[in-house]
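Here, each number is a calculation from the coordinates, and none is a lab measurement. Because the structure is a prediction, the values reported are computed rather than measured. Heads up, the Cβs are rebuilt from the backbone with ideal geometry, glycines too, and the neighbour counts pull from every protein chain shown.
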Amino acid sequence: MSMLADLRKFSRRDRVFSHLIRADQLEVDTSKGHILYIEDLSVSFDGFKAIDNLNLYIGDGELRCIIGPNGAGKTTLMDIITGKTRPDSGTVFFGQYTDLLEFSEAEIAQIGIGRKFQKPTVFEQHSVFENLELAMAANKRVWHSLSAQLTAEQKDRIDEILVQASLIDFKHQPAKLLSHGQKQWLEIAMLVMQEPRLLLVDEPVAGMTHQEMDKTAELLHQLAGRHSVVVVEHDMDFVRSIASEVTVLHQGSVLAEGTMEELQSNPKVVEVYLGE
């Protein structure tokens, strides 16, 4: 039976009313312990089934890794969660009652879902501090952004996140001078400034040194708990270092879930992915 079967009690009028509320005013109900409920999800592109009857549940405050071979549906899944792609069927709920399929991509970001793509996208001509200032969850109207003065509390918050991201020593340095790994941390820090409940992070350690990978693992561990974090990654050593729960996708469906130790002894997982 569906985990949400006894939770979806909204009438049509309730659903229409809930959609009229500003996205950033919605509260996410995680009282049942989960922040993301994905059920019976499917989507096809030109006859190819990228997602096939997928079911996935992410706990509130959890750090989850998603792995799988190329074409397994990892990117498409993230696209659906963030509103970039619409599924053919299935449901995607943020908390118990917030139906993400009723919202646009921009509204989903306001609700509290942040996404970091593989290639970092930062404002390279601005300082590290200014990047976080621009990303701050506040009134984004142009006039307000140009005229507002940061409060002492806001400045302290930026410094706190810069310390967390190992970037405080580069606070006044142009972002273009950062290393590849530091730019990845800066983009994660920019997402954190927006105070998301759920962070989707795509291949964060690609191209990093071992030292940068260790710091990235530490950063994601620090974020988990206050945020729910879903990491898509191919580096199995990194996955092993950060995740207690790993989901394996194959041909658009969940093939297996468990610890890395459990998955390494799963013949199906070894055959389709770990044995490559």
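Under 14 Å of direct C-alpha separation, and excluding same-chain neighbours fewer than eight residues apart, LYS74 reaches these aspartates and glutamates: ASP52, ASP202, GLU203, GLU233.
The candidate values were (i) 70, 42, 38; (ii) 43, 43, 38; (iii) 51, 51, 37; the one computed from these coordinates for Cα extents along the principal axes in Å carries the label (iii).
Which residue, ALA256, THR121, SER104, has the largest displacement toward the positive end of the dipole of segment 12-274 when charges sit on each Cβ (Lys, Arg +1; Asp, Glu -1)? It is SER104, whose Cα lies furthest towards the positive end.
Put a plus charge on the Cβ of each Lys and Arg, a minus charge on the Cβ of each Asp and Glu, and nothing anywhere else: the dipole of segment 40-188 about its Cα centre is then about 420 debye.
For the pair ASP214 and GLU245 in one chain, pulling the backbone fully straight at 0.36 nm per residue adds 9.3 nm over the alpha carbon distance.
A crude spin-label estimate for the pair ASP237 and GLU124, with each label 7 Å from Cα along the Cβ direction, gives 2.9 nm.
In the chain, the DSSP beta bridges split such that about 55 percent are antiparallel, to the nearest 5. Considering only SER241, SER31, SER228, the Gaussian network model of the chain with Cα springs below 10 Å gives its largest mean-square fluctuation to SER31. Helix content alone sets the calculated 222 nm mean residue ellipticity of the chain: runs of n ≥ 4 DSSP H residues at -39500 (n - 2.57) each, divided across all residues, give -9500 deg cm²/dmol.
Placing +1 on the Cβ of every Lys and Arg and -1 on the Cβ of every Asp and Glu, with nothing else charged, gives segment 12-274 a dipole about its Cα centre of roughly 640 debye. Loop exposure criterion: trypsin sites (Lys or Arg not before Pro), DSSP state outside H, G, I, E and B, at most 12 other Cβ atoms within 10 Å. Applied to the chain, the longest stretch between such sites is 23-139.
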